[in-house]
Amino acid sequence: MVLTIAHPIPRWTAMLSKATGTAFVVAPAPSLLQSSPASSSISSLKRSAPPTASHGSAWPCWLALVPLAASRPVQRRHRRARVVTLAAEGVSCKTAFLFPGQGAQTVGMCKELADECPAAKELFDKASSILGYDLLDRCVNGPKELLDTTAVSQPAIFVASMAAVEKMKQDMGEAAVDEATVAMGLSLGEYSALCFAGALDFEDGVRITKARGEAMQAAADAVDSGMVSVIGLDSAKTEELCKKASEDSGKTVQIANFLCKGNYTVSGDKEACAKLVEIAKPEFKARMAVPLAVAGAFHTDFMAPAVEKLKEALAAADFKPPRIPVVSNVDAEAHSDPDEIREILAKQVTSPVKWEQQMQAMVAGGFEKGYELGPGKVIAGILKRIDKGAAGAMTNFTV
């Protein structure tokens with residue numbers, strides 16, 4: 001395969017003129033979320049790409065070149081692919097600000113930050129008045145069992161991430177923060193990204209993450225479910241593994257987080273998760289399948305009971321168009337309409353996170369440097385698996 005659907009093509013290159021294979025143009029415009037044959041002729045593909053890209057969208061096309069010898073199922077899979085690129089006309093991924101999600105929290109986080117950065121301490125004070133408890137104390141002193149609960153960890157990570165932004169401003173100046181051209185967050189981190197981009201004010205962010213955490217905790221407590229980290233398989237094999245575990249157990253398990261090649265998180269019924277762990281190595285040659293210490297099956301239909309309460313919190317918040325693009329986990333696209341943002345965030349808790357696709361598109365979209373703001377270095381670690389050079393251009397403002 002010369003190119004795959006993981007490679008966005010914002011402009012024609014000489015390399016493509018030498019490529020051979022069956023080519024398809026994938027258009028990301030809402031009305032054209034499908035791919036259409038461009039014929040096996042590279043010259044025909046070159047002629048058809050620009051008009052296809054111009055149909056109601058500023059985003060360039062993605063091109064999938066499938067070997068002529070590829071089976072029809074492989075070709076059909078590429079034709080069905082829904083992919084977009086962040087290398088958009090007028091949208092630069094030159095400087096990316098990235099925010100972590102649930103699981104990044106550790107007892108002891110933010111102690112030095114609060115001592116050294118008055119603006120960060122002020123955020124914790126504001127959050128504590130909304131939450132009704134001393135959030136900084138829970139971050140610094142725990143106990144771990146309490147900090148790790150979904151209801152506490154979600155607002156804690158949101159506030160810690162925004163406090164990291166204040167630390168960056170203090171250390172590097174406002175100008176460094178203003179260089180941001182795009183923002184993204186992993187699951188919960190999407191709220192941090194939206195707040196950073198001015199689409200959501202801090203106080204509303206605390207209220208929403210509090211409501212989201214409580215609603216997801218309640219949904220998780222209602223069923224016996226869990227999550228498993230699967231290492232060493234590609235996404236297709238991981239999907240096969242989920243299907244087999246579901247069939248064998250009579251329950252449901254599915255991919256919840258597309259993190260990077262060879263690293264996917266699956267969610268589902270506890271019995272299906274246990275069966276998946278049992279068969280992952282001997283039957284599918286996975287390197288590891290490790291149950292995660294989380295409350296439940298996030299980013300699946302198991303979280304459907306949490307949606308209504310989340311929608312209420314989203315409706316009560318004053319969303320604005322973000323000052324820079326914020327890329328959604330649900331569809332790997334940037335949204336600027338406040339109502340669309342609310343809708344996407346409501347869908348997010350029951351939809352798989354397309355982080356791998358977001359990172360691939362970011363790297364291909366002119367990425368030069370990035371910042372990870374918040375607890376831990378999970379995002380930098382994932383990016384290293386996708387593109388080592390890009391990972392080397394990351395700076396961590398850990399807390």
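Observations, loosely collected:
- Of LYS126/LYS169; LYS243/LYS285; LYS285/LYS377; LYS144/LYS261, pairs whose Cα-Cα distance is over 21 Å: LYS285/LYS377; LYS144/LYS261
- Gain in span if fully extended, LYS320 to LYS285, counting 0.36 nm per residue against the direct Cα distance: 7.9 nm
- Intensity falloff of region 278-323 expressed as log10 I(q)/I(0), Debye formula with alpha-carbon point scatterers, at q = 0.19, 0.24, 0.26 Å⁻¹: -0.79, -0.95, -0.98
- With the convex hull constructed from alpha-carbon coordinates only, region 223-305 shows a mean projected area of 4.6 nm² over all directions.
- Inter-label distance for LYS377 and MET172, nm, one decimal - labels placed 7 Å from Cα along Cα-to-Cβ: 1.6
- Extension gain, GLU240 to LYS94, is 48.9 nm, computed as 0.36 nm per intervening residue step minus the present C-alpha separation.
- Model label points for LEU292 and ASP134, set 7 angstrom from Cα along the Cα-to-Cβ axis, are 3.1 nm apart.
- A simple count of charges around LYS261, restricted to other residues whose Cβ falls under 10 Å of its Cβ and scoring Lys, Arg +1 and Asp, Glu -1, yields -1.
- Amide H contacts for GLY370 (H built 1.01 Å from N in the peptide plane; partners 5 or more residues away or on another chain; cut-off under 5 Å): ALA96, MET394, THR395.
- Percent RCO, i.e. relative contact order, over region 224-291, from Cα pairs under 8 Å lying at least 6 residues apart: 44
- Loop sites in region 291-399: trypsin sites (Lys or Arg not before Pro), DSSP, at most 12 other Cβ within 10 Å: none
- GLU340-ALA222 pseudo-label distance in nm [points 7 Å out on the Cα-to-Cβ vector]: 3.0
- Across the alpha-carbon atoms of region 248-399, the computed radius of gyration and Dmax are 17.5, 51 angstrom.
Since every read-out is calculated from the coordinates, none of them should be taken as a lab result. What you see is a predicted model; the values in this text were computed from it and never measured. Heads up, the Cβs are rebuilt from the backbone with ideal geometry, glycines too, and the neighbour counts pull from every protein chain shown.
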